[in-house]
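I have placed the structure first, in the form of structure tokens, so that the comments after it can refer back to it.
The values are calculated or read from the model by the stated rules, or taken from the named source; none is laboratory data. Computed from a predicted structure; not experimentally measured. All Cβ positions, glycine included, derive from the backbone under ideal geometry; neighbour counts span all protein chains shown. Note: areas computed on protein heavy atoms with side chains; ligands, DNA, RNA excluded. Shrake-Rupley method; radii C 1.70, N 1.55, O 1.52, S 1.80 Å.
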Amino acid sequence: MNRDIIIALDFPGRQETLNFLDRFPAGEKPFVKIGMELFYAEGPDIVREIKARGHKIFLDLKLHDIPNTVKRAMSVLSRLDVDMVNLHAAGASEMMKAALEGLTRPDGTRPLLIAVTQLTSTDAAALKNELLIDTPMAETVLSYAKNAAGSGLDGVVCSPLEAALVKGRCGKGFLTVTPGIRFAGGDVGDQKRVMTPENAGENGCDFLVMGRPITKDPDPVAAYRRAVKEFLG
């Protein structure tokens, strides 16, 4: 799968989501992310409907539970024909391996499986004072990424600041999916570790997840095209 921009469809329901997608020309089908808000509101039917429209889908539900529960949940998600799903690397290797087993269909095919390292809304102070992790952020992310790679996963979700480090530790083929992307001069919102699309491309990111900088723009199609141009050059 080629490097790409993934638009986060962070809308409260089906109609708002489809209204947004309808703003794109018929032949332009951006890669999209369906997160917890939309999935919990509309269930698997919204995934099927958007997939039927021709979009690649990253189903962002961040599973994190005991291995057997995650394995069974992934088995259900594998039937939705999405292109990428994720879980929390903090669930540890046994959980990640179980997830991979559950996600793999009888014919051997499966979506990409990505592990979340640390949320881009988490900063060094929260890591140390609230999560009680004394290791620096970069080393924590790298350790989680190494565990994910060792468990057979395809890549990790990390901030763009850590993408090059992850590639160096886990190999160029290990995917980095990076939220926390903002246009130069844009509002960072609740993100703490951010980067522009251009710099993210230079830093080795494979997929950039962008929500509000595109969906809240008066011309989201133009914003999306700008992101693609800046990222891919």
Could you give me the residue pairs with C-beta distances under 8 Å whose first residue belongs to the stretch 118-132 and is open to solvent by 70 Å² or more (accessible area, probe 1.4 Å), whose second residue is β-branched (Val, Ile, Thr) wherever it lies, and which are 6+ apart or on separate chains? LEU131/THR122
Determine which single condition SER78 fails, assuming it passes every other condition in (1) farther than 26 Å from LEU142 by Cα; (2) open to solvent by 20 Å² or more (accessible area, probe 1.4 Å); (3) among the hydroxyl-bearing types (Ser, Thr, Tyr). (2)
Which ones in the stretch 1-40 are out of contact with any Gly (no Cβ under 7 Å at 6 or more places or on another chain), in contact (Cβ under 8 Å) with a residue 12 or more places away in the chain and charged (D, E, K, R)? ARG3, ASP4, ARG14, ARG23, GLU28, LYS33, GLU37
Might you check whether a residue that is open to solvent by 30 Å² or more (accessible area, probe 1.4 Å), assigned to a strand (DSSP E or B), closer than 26 Å to VAL32 by Cβ and not aliphatic (A, V, I, L, M) occurs anywhere in the stretch 145-168? no
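Yes or no: the stretch 82-99 includes at least one residue that is part of a strand (DSSP E or B) and in contact with a Pro (Cβ under 6 Å, 6 or more places away or on another chain). Walk me through it before giving the result.
Within the stretch 82-99, the subset part of a strand (DSSP E or B) is 84-88.
The next check asks that each one be in contact with a Pro (Cβ under 6 Å, 6 or more places away or on another chain); those that pass are 84-85.
Yes, the stretch 82-99 contains a residue that is part of a strand (DSSP E or B) and in contact with a Pro (Cβ under 6 Å, 6 or more places away or on another chain).
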Quickly run through the stretch 133-144 and pick out the residues that are in contact (Cβ under 8 Å) with a residue 12 or more places away in the chain and either surrounded by 14 or more Cβ atoms within 10 Å (Cβ to Cβ) or over 20 Å from CYS170 (Cα atoms) (or both). MET137, ALA138, THR140, VAL141, LEU142, TYR144
For the stretch 179-187, does any single residue satisfy the condition of being modelled with pLDDT of 95 or more and of a type in the set (A, V, I, L, M)? no
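Is it true that some residue in the stretch 101-109 is part of a strand (DSSP E or B) and under 25 Å from SER143 (Cα atoms)?
Looking only at the stretch 101-109, we keep the residues that are part of a strand (DSSP E or B), and these are none.
Checking the stretch 101-109: not a single residue is part of a strand (DSSP E or B) and under 25 Å from SER143 (Cα atoms).
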